[in-house]
Amino acid sequence: MLSRQHSAVILNVNSGLALVPKTSSAIYCASKGALNIFSQSLRYQLKNTQVRVLQAFLPLVDTPMTKGRGKSKMTVEKVSTEIIKGIENTILDHDIGKVKLLRLLNRLLPSLAQKIMQGS
Ligand SMILES: NC(=O)c1ccc[n+]([C@@H]2O[C@H](COP(=O)([O-])OP(=O)(O)OC[C@H]3O[C@@H](n4cnc5c(N)ncnc54)[C@H](OP(=O)(O)O)[C@@H]3O)[C@@H](O)[C@H]2O)c1
């Protein structure tokens with residue numbers, strides 16, 4: 001059991017689409033939004049244990065899932081390196097690549113963030 005370990009991490013692989021949805025893939029966006037809330041609640045539940053609940057929010061990554069769509073995708077190698085850094089530094093909500101900008105834009109100018117994502 002994780003709670004019996006000296007320290008343990010649950011890493012949920014999330015997406016920038018959990019923060020601002022895009023027009024297509026409504027169910028995918030909704031599932032990532034749900035994963036975000038689930039992760040936060042689980043984090044509260046495990047607050048007094050050795051288990052940390054982390055999330056990595058990925059941008060568009062060059063994997064079989066995104067074959068034939070999108071431009072300037074992040075490589076799997078770069079994303080993996082970032083994810084490992086996040087685990088090593090216990091970054092609770094780790095925004096990777098363009099998600100950093102998306103989260104900031106969504107805080108400062110949510111209508112602009114929504115407009116950009118609707119168009120993509
Ligand atoms: N690619 C992106 O741009 C991007 C962006 C943000 C977040 N993400 C997230 O990153 C994660 C990985 O995505 P990806 O791009 O690597 O997708 P992918 O290329 O489609 O790979 C998905 C992987 O999940 C496995 N899988 C699918 N259904 C499964 C099941 N029911 N049980 C066990 N394994 C299953 C597949 O195994 P098989 O090969 O055996 O089918 C495959 O190895 C996902 O959570 C995705 O939402 C991806």
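Since every read-out is calculated from the coordinates, none of them should be taken as a lab result. The structure displayed is predicted, hence computed values, not measured ones. So basically every Cβ, Gly included, is an ideal-geometry build from the backbone, and we count neighbours across all protein chains shown.
Numbers below:
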{"item": "GNM result for the chain, Cα springs below 10 Å: residue of Ala30, Ala56, Ala18 fluctuating most strongly", "result": "Ala30"}
{"item": "Only Lys, Arg (+1) and Asp, Glu (-1) charged, at Cβ; the range 2-119 dipole about Cα centre in debye", "result": "240 debye"}
{"item": "Most positive-pole-ward Cα, Pro110, Ser80, Asn14, against dipole of the range 2-119 from beta carbon charges", "result": "Pro110"}
{"item": "Mean separation of Cα contacts under 8 Å (6+ apart) over length of the range 2-119, as relative contact order %", "result": "31 percent"}
{"item": "Phi-based couplings in Hz for the range 100-113 (Karplus 6.51, -1.76, 1.60; Gly and Pro marked x)", "result": "4, 5, 4, 5, 5, 4, 5, 7, 7, 9, x, 5, 5, 4"}
{"item": "Max mean-square fluctuation residue, GNM over the chain, Cα-Cα springs under 10 Å, options Leu42, Leu11, Leu108", "result": "Leu108"}
{"item": "Partner lysines for Lys67 [C-alpha distance under 28 Å; skip if fewer than 8 residues away on the same chain]", "result": "Lys22, Lys32, Lys78, Lys85, Lys98, Lys100, Lys115"}
{"item": "In degrees, nearest ten, helix 26-45 long axis to first principal axis of the chain (Cα)", "result": "20 degrees"}
{"item": "Residue among Arg69, Arg52, Arg103 with the largest mean-square fluctuation in a Gaussian network model of the chain, springs linking Cα atoms under 10 Å", "result": "Arg69"}
{"item": "Neighbour net charge for Ser72 - beta-carbon separation under 13 angstrom, K R +1, D E -1", "result": "+4"}
{"item": "Residue order, fewest to most beta carbons within 10 Å, for Ile37, Ile116", "result": "Ile37, Ile116"}
{"item": "Theoretical ellipticity at 222 nm over the chain - DSSP helices of four or more residues, -39500 (n - 2.57) apiece, nearest 500", "result": "-14000 deg cm²/dmol"}
{"item": "Charge sum, other residues only, whose C-beta stays under 14 Å from Leu92's C-beta, Lys/Arg counted +1 and Asp/Glu -1", "result": "+2"}
